[in-house]
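Structure first, then comments.
The values are calculated or read from the model by the stated rules, or taken from the named source; none is laboratory data. Remember, it's a predicted structure, so these values are computed and weren't measured experimentally. Cβ coordinates were reconstructed from backbone atoms using ideal geometry, including for glycine residues, and neighbour counts include every protein chain displayed. When the accessible area is computed, the model is the full protein with side chains, heavy atoms only, and any ligands, DNA or RNA have been set aside. Shrake-Rupley method; radii C 1.70, N 1.55, O 1.52, S 1.80 Å.
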Amino acid sequence: MRKASLFILAIGFVTILASCKKKDDSSKIISLEFKQGVYEILENEDKNLKKELVATPDGILENNKIQWMVSDESMGHFDGNFFVPSAVGNVNVTASVQDKSATCKITIKAVPVESISLEDIEVPLFRDAPLKITTIPEGISLSRISFFSSEEDIAFASNGIVQGRGIGTATIMAKVDDKTATCKVSVYKKSVTSVTLSQTSHKFGNIGETIELTATVTPSDASMPNVKWATSSSSVATVNNGVVTCVGSGTAEITATADGKTAQCNVTMPEFGTVTDCEGNTYKTVKINNKWWMAENMRATTYSQNNSASKDITIKKLTKGQVTSYTPCCINASDKSNWHDTSTAGDLSNAQIEKLGYLYNWAAAMGYENGKSVKTTPSGNRQGICPDGWHIPSYEEYSALKTFIEKTEGHGTGTAGKHLKTSDGWFKDGSYYKPADDAYGFSALPAGYYHQAWVESSIYEYRLDIVGRNGILWLKDVIAGYPETEADSFYFISIEDEVSRGGYLSVFCKKSECYSVRCVKN
């Protein structure tokens, strides 16, 4: 009895499988053909060819889109499943569904013309316009109509379209079979009133970068719509039919001209250079608002022998290791083994990581034996760890940079950080990230910072945190009235378009903590 039950179950299971297979097969087309091999239609007749298809299984055409192809598109086209003829003659039409196809021949026959008429029109110079043609019956193919012009240098007609070639009046004649009609075509100049461009300014980030400008001429049917392009400096940018290519540093004006009307787009490529420190490290530099800035973080661990501030420090080689005091010290931010947390640094590329450079406490950045003992801002430039001829920026210099970007350049208050940060590499996790554009080539990086972090109870440890999210740059300033253990800085953070003065949670930063250094040229 048990075996019999199992046998019945097995038969039922096979039946179910067969039923499923049959159901699946019903969605697969088996065959496709037209009811006839040849169809005759009139030139003014649209033909629903879907109704002429036979497919297996029945009804499959309702659930599948038919792909139509016409062997000669000058003879007609498809509007949905309707073939719309546009000439007299023969053409092949193919229908495809899934992997099956079928082809038929369409013979398009001419309709006897009872009459034809034309209306007088006006056409702008150098523009095209359709002739206003009426035939009885309607739908006569344009290919059957011949067109003639009394003055081809003023107006030329073909296939139902007239071209304005010169100012004046011409007579156009249309002939189909033995029926004719004429009209007057007046050609006039329609002046351009304005030209506008899709962009009015652009800052390139790299040599070889391109943008495509679109020129809009008003009115759209003006007599001279062709736009001529020009550049004020081919050594900065070239232009070809609106495609602008950056070829060098500087500023250029791209001009689009049509019928004496112009529009301009100012393009700029930052001026880049290099500087080498006393250890042989070479850094990219960029000129912004007539000042040269380092576009990379400092990587030196040795003070230049030519440093006029070296008398303030007895060591030439910085100590690399745990920061526990206000004596000069630094840590390698490019060394992943120093990172306390890697969760925010996943978007940094290897090339960016190599440029994170060193993080310096304030004494190391400034070149003092003991940073805590310095209670006033040094007068004049302070070279510190910078290369010869360069110095640690002051708040005034960073403030001027910020003002130039936000006010002089017109980007708006609170946007300098967006335009100074690298366009990628910052922590990308919802609200923790705002994309930047590095419009000035400054390329601020999120090197994090080395600080004293709370562990538990009264236990603290120094560690490198928030690589990929924050970047802090030392300033030389000590603020009167604030503790001698603090100094000034500029603070970049992934969630802000702003660049802030001082630390993220406090007004100013602890001198014992380690931040990045960007130098400015004397």
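Mind listing whichever residues of the stretch 238-256 are in contact with an Asp or Glu (Cβ under 7 Å, 6 or more places away or on another chain), within 15 Å of Gln199 (Cα to Cα) and buried (at least 16 other Cβ atoms within 10 Å of the Cβ)?
Gly242
Looking at (1) under 18 Å from Gly357 (Cα atoms); (2) at pLDDT below 95; (3) outside any loop (DSSP other than H, G, I, E, B), which is the one condition that is false for Trp293?
(2) is the only condition that Trp293 fails.
Would you please list the contacts, defined by Cβ atoms under 8 Å and residues six or more apart or on different chains, that run from a residue in the stretch 395-411 that is without any contact (Cβ under 8 Å) to a residue 24 or more places away in the chain to a residue that is small (Gly, Ala, Ser)?
Glu406/Gly412; Glu406/Gly414; Glu406/Ala416
Pull up the stretch 429-448, narrow it to residues that are in contact with a Phe, Trp or Tyr (Cβ under 6 Å, 6 or more places away or on another chain) and either modelled with pLDDT of 90 or more or open to solvent by less than 40 Å² (accessible area, probe 1.4 Å) (or both), then point me to the one that is nearest to Trp293 (Cα to Cα).
Residue satisfying both the conditions and the ranking: Ala444.
Mind listing just one residue for me: the one in the stretch 189-211 that is hydrophobic (A, V, I, L, M, F, W, C) and open to solvent by less than 80 Å² (accessible area, probe 1.4 Å) and, of those, farthest from Lys132 (Cα to Cα)?
Restricting to residues being hydrophobic (A, V, I, L, M, F, W, C) and open to solvent by less than 80 Å² (accessible area, probe 1.4 Å), the top hit is Phe204.
Quick one: what pairs do we get from the stretch 210-225, first residue in contact (Cβ under 8 Å) with a residue 40 or more places away in the chain and under 24 Å from Arg165 (Cα atoms), second part of a loop (DSSP other than H, G, I, E, B) and acidic (Asp, Glu), C-beta under 6 Å, 6+ apart or different chains?
Met224/Asp259
Are there any pairs, at least 6 apart or on different chains, whose C-beta atoms fall under 8 Å, with the first in the stretch 153-176 and touching a residue at least 60 places away in the same chain (Cβ under 8 Å) and the second surrounded by 15 or more Cβ atoms within 10 Å (Cβ to Cβ) and part of a strand (DSSP E or B), and if so, which?
Final answer for the pair search is Val176/Ile116; Val176/Thr135.
Here is a list of conditions, (1) at pLDDT 95 or above; (2) surrounded by 12 or more Cβ atoms within 10 Å (Cβ to Cβ), and Asn64 meets all of them except one; can you say which number that is?
Single failed check for Asn64: (1).
Restricting to the stretch 144-188, what's the tally of residues that are open to solvent by 80 Å² or more (accessible area, probe 1.4 Å), over 13 Å from Pro124 (Cα atoms) and within 48 Å of the chain's Cα centre (by Cα)?
Going through the stretch 144-188 one residue at a time, the tally reaches 3.
Which of the residues belonging to the stretch 412-428 are in contact (Cβ under 8 Å) with a residue 40 or more places away in the chain and either more than 25 Å from Ser343 (Cβ to Cβ) or of a type in the set (Asp, Glu) (or both)?
Gly414, Thr415, Ala416, Asp424 - these are the residues of the stretch 412-428 that are in contact (Cβ under 8 Å) with a residue 40 or more places away in the chain and either more than 25 Å from Ser343 (Cβ to Cβ) or of a type in the set (Asp, Glu) (or both).
Could you tell me whether any residue of the stretch 109-128 is among the acidic types (Asp, Glu), surrounded by fewer than 18 Cβ atoms within 10 Å (Cβ to Cβ) and touching a Cys at 6+ places or on another chain (Cβ under 8 Å)?
As a first pass, look at the stretch 109-128 and keep what is among the acidic types (Asp, Glu): 114, 119-120, 122, 128.
Pick out the ones that are also surrounded by fewer than 18 Cβ atoms within 10 Å (Cβ to Cβ) and you get 114, 119-120, 122, 128.
If we keep only those that are touching a Cys at 6+ places or on another chain (Cβ under 8 Å) as well, we get 119-120.
Yes, that holds for at least one residue.
Which pairs have Cβ atoms under 7 Å, sit 6 or more apart or on different chains, and link a residue in the stretch 257-285 that is under 30 Å from Ser194 (Cα atoms) to one that is assigned to a strand (DSSP E or B) and among the acidic types (Asp, Glu)?
Note: pairs meeting the criteria are Gln264/Glu253; Asn266/Glu253.
Name the residue that is nearest to Glu513 (Cα to Cα), counting only residues in the stretch 345-365 that are part of a loop (DSSP other than H, G, I, E, B) and touching a helix residue (DSSP H, G or I) at 6+ places or on another chain (Cβ under 9 Å).
Among residues in the stretch 345-365 that are part of a loop (DSSP other than H, G, I, E, B) and touching a helix residue (DSSP H, G or I) at 6+ places or on another chain (Cβ under 9 Å), the one nearest to Glu513 (Cα to Cα) is Asn361.
What number of residues within the stretch 212-237 are under 21 Å from the mean Cα position of the chain (by Cα), surrounded by fewer than 18 Cβ atoms within 10 Å (Cβ to Cβ), under 27 Å from Gly441 (Cα atoms) and not acidic (Asp, Glu)?
Looking only at that region, the number is 1.
Okay, residues lined up against (1) among the aromatic types (Phe, Trp, Tyr); (2) crowded, with 24+ Cβ neighbours inside 10 Å; (3) modelled with pLDDT under 85:
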position	(1), (2), (3)
Ile479	no, no, yes
Pro483	no, no, yes
Ala487	no, yes, no
Phe492	yes, yes, no
Gly502	no, no, yes
Leu505	no, no, yes
Lys510	no, no, no
Glu513	no, no, no
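One residue is enough: does the stretch 28-40 have a residue meeting the conditions of a type in the set (A, V, I, L, M, F, W, C), surrounded by 11 or more Cβ atoms within 10 Å (Cβ to Cβ) and touching a His at 6+ places or on another chain (Cβ under 8 Å)?
No, the stretch 28-40 contains no residue that is of a type in the set (A, V, I, L, M, F, W, C), surrounded by 11 or more Cβ atoms within 10 Å (Cβ to Cβ) and touching a His at 6+ places or on another chain (Cβ under 8 Å).
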